[in-house]
1. Among the DSSP beta bridges whose two residues both lie in the chain, what percent are antiparallel, rounded to the nearest 5?
2. On a C-alpha basis, how far is the centre of the stretch 59-78 from the centre of the stretch 100-174 in Å? Whole number, if you could?
3. Report the residue, chosen from 266, 109, 12, that carries the largest GNM mean-square fluctuation when the chain is represented by alpha-carbon nodes joined by springs under 10 Å.
4. Between residue 87 and residue 277, how many nm apart are label points set 7 Å from Cα along the C-beta direction?
5. Mean residue ellipticity at 222 nm from the helices of the chain, using -39,500 (n - 2.57) per DSSP H segment of n ≥ 4 over the full residue count, to the nearest 500 deg cm²/dmol?
6. Over the Cα atoms, compute the radius of gyration (one decimal) and Dmax (the largest Cα-Cα distance, rounded to a whole number) for the stretch 99-214, in Å.
7. If R₀ is 41 angstrom, what is the calculated FRET efficiency for the pair residue 65 and residue 295, using the beta carbon separation as r and rounding to 0.05?
8. Going by alpha carbons, how many degrees (0 to 90, nearest 10) lie between the helix axis of 158-168 and the longest principal axis of the chain?
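Values in this text are rule-based calculations from the coordinates and carry no lab data. The shown structure was predicted, so the numbers you read here are calculated from the model rather than taken from an experiment. Note: ideal-geometry Cβ built from the backbone for every residue, glycine included; neighbour counts use all protein chains shown.
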């Protein structure tokens, strides 16, 4: 299928970044957002100062709050909402004909109630459509500034992944392809929890030894759960696993690391989130991950402690002590 018109559902930092990026590749891009006031403001200024400050939006990006307009025009629909708003967007999208359209999810998260991955939620509402997912170490501002970045597109059907790989690829944004949709989605979602843990270490004033330990043992937790859920272990040592994990755990722009840092400094989760314009997916995902670990009987001690700090107000220092005092074992 030839792709000429792309609609991006979600006008946050990542959605806006992809709109700017794809417009520069000469695609006709429509950016959908839910709030008329914000969309009208961005239309006039050509800037999304709230989510992507300083990056000018090209003239070939049109903007709308009309979901019918966005979906009807598109050959490719890119879903870029925060995970907790995905179902609301899908309920609007499904009202319109989708035959002949492809869908790409760039959303990282797991529903804490149904425990469904993003692609499973999409298929639940839209049926068996041509669907792929994109994940990897992709700080939005770096992509917007054409700083070299890599990511991976996963789809069960290779021709779909190959064509979307060509749509997204450029000399500043290198795209790989994969068939392990489960692993790519889980890696991109679960790493946010470990990033919160690394942020806690920063907030407590710990050094690189502690952060390296959290990152390494966190990856082991992610891989254990992923394999139990049907993913390939090797996937977690690629871009959507280790690559994304490292970026999210060390970047000063990481929202999830920031949440952890503030928790380590003694602030409550409510205080932290009330001051953030953007969503830190790891907060909600920690709830889903704990439920999944119990369902599949997988040991995830770091994830458990992050969950307890967020939802049971556990003292971060006590959480670290409990992790360090666990029964001795082989690696």
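1. Antiparallel: roughly 20 percent of the beta bridges in the chain.
2. 18 Å
3. Taking springs between Cα atoms under 10 Å, the residue moving most is 266.
4. Here the modelled spin labels are 2.9 nm apart.
5. The per-residue figure over the chain is -15000 deg cm²/dmol.
6. For the stretch 99-214, the Cα-based Rg and Dmax read 16.4, 54 Å.
7. FRET efficiency, residue 65 to residue 295: 0.60.
8. Its long axis makes an angle of about 80 degrees.
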